[in-house]
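The values are calculated or read from the model by the stated rules, or taken from the named source; none is laboratory data. Quick caveat: nothing in here was measured; it's all calculated off a predicted structure. A quick note on method: Cβ atoms are made from the backbone with ideal geometry, for glycine too, and the neighbour counts reach across all protein chains shown. Only protein heavy atoms, including side chains, enter the accessible area calculation; ligands, DNA and RNA are left aside. Shrake-Rupley method; radii C 1.70, N 1.55, O 1.52, S 1.80 Å.
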Amino acid sequence: MKKPELLAPAGDFERLKIAFFYGADAVYIGNEFNLRANADNFTLEEIEKGVLYAHSLNKKVYVTVNIALHNAEVLKIEEYLVNLDKLNVDAIIVSDPVILALAKEKTNLEVHISTQASTLNKEAVNYWYAEGASRVVLARECSKEDIKDIKENTKAEIEVFIHGAMCASFSGRCVLSNYLTNRDSNRGGCSQICRWDFDLLDGKEILKGEKPFTFCTKDLSLAPYIPDLMEMEIDSLKIEGRMRSSYYIATIVKIYRKIIDEYYHKRENYEYNCKDADILRRCANRDNTPQFFNGIYDESVQYYNGRLEVTNQDFLGTVLEYDEKTSLAKLEQRNYFKKGDKVEIFGPLTSTIFEINELYDEDKNPLEIVRHPRQIVYLKVPEKVSPLFMMKKA
Amino acid sequence: MKAVIVKDIKEATKIKDLVDAFLLPIKDFSINYYNTFMLEEVKAVQKLDREVFVIVNKNIFNNELPLLEELLLEIEKLNVKGIFFYDIAVLTLKNKHNLKTDLVWSQEHLTTNFETINYWYAKGVKYAYISSELTKEEINNISKHTKATLFVNVFGYQPMFTSRRNLVNNYLKYFNLKDKSHLKQISKEGKSYPILDTKEGTTVYSNYVLNVAYEDIKAKYLVYNTYLIDDIEKVLKDNNYPKETGFLYQETIYRVKKK
């Protein structure tokens, strides 16, 4: 059995480092012409820096170039691809066949086909492979049987989404943003109308449930099914969320890294740890389901919550330094905490649960409460921790 | 030329003298349409002596490939003018069987530039059905830069969301509400959008009837969609629907944050 690549999102260089630190084998990022036009995104200089950093760790960086081109963008895309090629990125992720054709003709870029192309069957997968794409990211509507059959009948690498938010529509078949907010969803302007509430009318009568009508779905999580995907020899397992926080990336990547490694090394005795499911759910603060993987997409996968998503404020801060002589960790605060709180500091492979007994401000004056965003503090930690470790409520 | 997506044979018969081509969504293989056609019904419309295109625009699931293959072989026998397709499997199966029926690249919101239309043209796809979210300038610029024959929507409600999920039925089931008719709408801030749940999934349409048939649009086929339109004959003869230009003069934006 081969070990699949664990592919994580990275909205910026900090999150790229965190994704790799917590166990991602590769990250996907964006610059121009990608479907997160309003994310921070990388500059070309930052891409170069990210690629050098990734390659120093023997890891990979893929760049999304997956918008639906309009005439104006067509004129600019060739130069952009040539520039990406010079940066030595490991692949680009595209949906428009013109970008695939140009990349093959004008550059040495490896090309992956984005889920935006909604590839659901082996005929389409093999078409893309014949056109020069080395990998296809399958549509999130594929069932376990679909994925298995496709993998068995193609030479293309297959990438499957395993975790994160879902489009309520087929990818590429939603322009609600265009019509309701004049923002082009297929060029990165999606304003997430599918999260809005609506009245559902039958004639003039409102069909009113306890919560309003919405398209909104629960998140995807295939954590319990990673062994199935590994048995199918799926090449890459992808986490959604380039606009998600560092804490989210760290937590989700860590859990999936653990599941993949455990199953790879202890296939015969492997058991899914149900506690992982709770961590995944709390981290996103949204329910999740396997979505289409089990062929079920009924009312149980919808999310009727009346938009009452209250952040759980589990994430307390990121470790910046640790002094082994004093056992003091320097930490940047992200949410309120105080002396006496029970907390957990975790890294990729370890975690330490303890009560905060010693807490100091940036100048090492004693402190009772940490309430300022991004405040720098010191606290005593009983076990050694490292930069990029994260602290959360225990 | 006027190309009309009709509801049924009766409507097609009624308007045949006002129409150059009929576009017929195929049962079980099309999405975004309430009314679909069996192949026998396609044959009946062909007898009206107008060009006939069939629409096979759903996303094809892996396990549907054998049925699609069978369908394409049957369509080949009909000698229709062309097949509107969304999924690339339609093209690969056409090539596999060396079928002669022409194809219309019909990826709805993704048919947005001339280079991609030319890419498919080079693959043997002679027609393209252009996105409704383009400006008139973009459409006419596409026309200038391609040899493909173009279809452009000029009248009717425009699909703006297509899901595999049965979103209306899911909601009704979850809250134990009764389903009364298929004619439903969702409403927000005073605007209402038709929403249709079929066994293929859910479609949401624009809150307005696009009406730009009078515009100087450089495309061979001007498409009229009769879904939810009671009297298409009147529209074709004497269109007094209000002018609604959609995106023809309204360019969308996609970056709202300053870089």
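Worth a mention:
- Residues whose placed amide H lies under 5 Å from that of B:LEU210, excluding near-sequence neighbours: B:GLY156, B:TYR157, B:GLN158
- Here, the range A:315-393 yields an orientationally averaged convex hull projection of 4.3 nm² when only Cα atoms define the hull.
- Take every pair of alpha-carbon atoms less than 8 Å apart whose residues are at least six positions apart; their mean separation over the length of the range A:315-393 yields a relative contact order of 44 percent.
- Computed over the alpha carbons of chain B, Rg followed by Dmax gives 18.4, 59 Å.
- Reachable lysines, given that their alpha-carbon falls under 19 Å from the alpha-carbon of A:LYS3 and they are not under 8 places away in the same chain: A:LYS59, A:LYS60, A:LYS144, A:LYS148, A:LYS151, A:LYS155, A:LYS238, A:LYS254, A:LYS258, A:LYS266
- Largest accessible area first, the residues A:ARG257, A:ARG282 order themselves as A:ARG282, A:ARG257 under a 1.4 Å probe with ligands, DNA and RNA left out.
- Charge dipole magnitude, Cβ of K and R +1, D and E -1 - chain B, Cα centre, debye nearest 20: 560
- With coordinates expressed along the principal axes, the C-alpha atoms belonging to the protein assembly as shown extend over 91, 56, 50 Å, beginning with the largest.
- Counting only protein heavy atoms and a probe of 1.4 Å, the accessible surface of the range A:5-301 is 46% carbon and sulfur.
- Computed from point charges on the beta carbon alone (+1 for Lys and Arg, -1 for Asp and Glu), the dipole magnitude for the protein assembly as shown about its Cα centre is near 560 Debye.
- Reachable lysines from A:LYS364, criterion Cα separation under 20 angstrom, eight or more residues apart if same chain: A:LYS325, A:LYS330, A:LYS338, A:LYS339, A:LYS380, A:LYS384
- The alpha-carbon of B:LYS191 sits under 18 angstrom from the alpha-carbons of these aspartates and glutamates, leaving out residues fewer than 8 places away in its chain: A:ASP197, A:ASP199, A:ASP202, A:GLU205, B:GLU244.
- The trypsin sites (Lys or Arg not before Pro) of the range B:1-96 that meet both conditions, a loop assignment by DSSP and at most 12 other Cβ atoms within 10 Å of the site Cβ, are B:LYS47.
- Partner shielding of A:112-124 amounts to 5, given as the average count of beta-carbon atoms from other chains within 10 Å of each residue beta-carbon.
- Annotation: amide H of A:ILE29 within the under-5 Å range of A:TYR62, A:VAL63, A:THR64, sequence separation 5 or more or interchain, hydrogens built in the peptide plane.
- Between the range B:161-214 and the range B:94-112, the alpha-carbon centres lie 28 Å apart.
- Diffusion constant of the range A:131-271 at 4 °C, which comes from Stokes-Einstein with the Kirkwood Cα-pair radius and 1.567 mPa s, µm²/s: 73
- Distance between the C-alpha centres of the range A:89-120 and the range A:1-57: 17 Å, rounded to the whole angstrom.
- In the range B:52-94, burial by the other protein chains removes 40 Å² or more of accessible area from B:ASN59, B:PHE61, B:ASN62, B:LEU65, B:TYR86, B:ILE88, B:THR92, compared with the chain on its own (1.4 Å probe, ligands and nucleic acids ignored).
- The range A:234-342: proportion of alpha-carbon pairs further apart than 21 angstrom, %: 56
- Cβ-defined net charge surrounding A:SER300, 12 Å radius [Lys, Arg +1; Asp, Glu -1]: 0
- Derived scalar couplings ³J(HN,Hα) [the range A:359-367; Karplus, 6.51 cos²θ - 1.76 cosθ + 1.60; whole Hz; x for Gly, Pro]: 9, 9, 7, 4, 9, 6, 7, x, 9
- Counts of other chain beta carbons within 10 angstrom of each beta carbon in peptide A:182-188 average 6.
- Accessible area (Å², 1.4 Å probe, nearest 10) - B:ASP8: 70
- Interface between chains B and A: roughly 6900 Å² of accessible area buried, both sides summed (probe 1.4 Å, protein heavy atoms only).
- The range A:315-393 - charge dipole about Cα centre, Lys and Arg +1 at Cβ, Asp and Glu -1, debye rounded to 20: 240
- Local electrostatic count at B:ASP28 - Lys and Arg +1, Asp and Glu -1, tallied over other residues with Cβ under 12 Å: 0
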